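Asks: Before I ask anything, here is the structure I am working with.
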Amino acid sequence: MNEDLAAWLPPSVIRQQRIDEQHDGKAERDAARARQAQAEQAHGEHVAAYMAGAAARGEDISAMDAATGNVGRTVAEVLAGSMAVVADRVPKGDREPVNLIDPPAYRSAPADPDGVIDRAMLARARRQREADEHRGAELLEEAAARHRPPALDDAWASWRQR
C-alpha cells in the first residue's frame with residue numbers, strides 16, 4: 001500500500017486492507033494451482049490419446065518417450081503418411097500435385113448467354129436507387145417541417161395568450 005495514503009487511514013482500515021490483500025493473494029494462488037492441475041490432466045489425456053492413435057497406426061512408442069512427453073509426429077511425417085495412403089489408392093498417373101503456396105482458384109459461374117441475369121441486376125439496382133431517392137426526399141420534407149417557423153397568425157395567437 002502507498003505510504004502517503006496509509007498515513008491518514010485509521011489503523012483498523014489498514015489492518016483490514018492487509019487481511020483482504022492476503023485473502024486475494026491466497027485466492028490467486030489457489031486459482032493458479034487449479035489451472036496447473038487442469039493443464040497437467042489435459043496433457044495426460046492428450047498423451048494417452050496420441051498413444052492410442054500410435055498403437056492403431058502400428059507405431060512403437062517407448063515408455064520413456066511417453067513419460068517425458070516426447071511424442072508426436074512432424075508435419076513431414078504426417079504428410080508422408082497421407083501420401084502413402086494416396087499412393088495406395090490412386091495410380092501415379094492420375095495424381096495431381098498439391099500446391100500449398102498459391103491461394104485456391106475459385107471458379108465463377110458460367111457466363112449468362114442471353115443477359116437475363118444482367119438485366120435483372122440492373123433493374124434491381126435502378127429500383128433500389130429510386131427508392132433511396134424517394135426516401136431521401138421524404139426525410140428532407142420531415143426535417144423542413146420540424147424546423148419551419150410558425151405562421152404569423154400562430155405567433156400572434158401565442159402572444160395573446162400570455
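The values are calculated or read from the model by the stated rules, or taken from the named source; none is laboratory data. Not measured: the values here are computed from a predicted model. Cβ coordinates were reconstructed from backbone atoms using ideal geometry, including for glycine residues, and neighbour counts include every protein chain displayed.
Asks: Could you please give the count of residues in the stretch 5-53 that are hydroxyl-bearing (Ser, Thr, Tyr) and either under 28 Å from residue 73 (Cβ atoms) or surrounded by 10 or more Cβ atoms within 10 Å (Cβ to Cβ) (or both)? If you could, list the steps in order and put the result at the bottom.
Replies: Restricting attention to the stretch 5-53, the residues satisfying the condition of being hydroxyl-bearing (Ser, Thr, Tyr) are 12, 50.
Okay, now just the ones that are also either under 28 Å from residue 73 (Cβ atoms) or surrounded by 10 or more Cβ atoms within 10 Å (Cβ to Cβ) (or both), so 50.
So the count comes out to 1.
Asks: Something else: Please work out if residue 102 is more than 36 Å from the chain's Cα centre (by Cα), under 30 Å from residue 75 (Cα atoms) and modelled with pLDDT under 90.
Replies: For residue 102, the condition - more than 36 Å from the chain's Cα centre (by Cα), under 30 Å from residue 75 (Cα atoms) and modelled with pLDDT under 90 - is not met.
Asks: Another one. Out of 67, 145, which single residue is modelled with pLDDT of 70 or more and assigned by TED's automatic domain parsing to the domain that holds residue 50? Give the derivation first.
Replies: Working: 145 fails: assigned by TED's automatic domain parsing to the domain that holds residue 50.
Sole residue among the options that is modelled with pLDDT of 70 or more and assigned by TED's automatic domain parsing to the domain that holds residue 50: 67.
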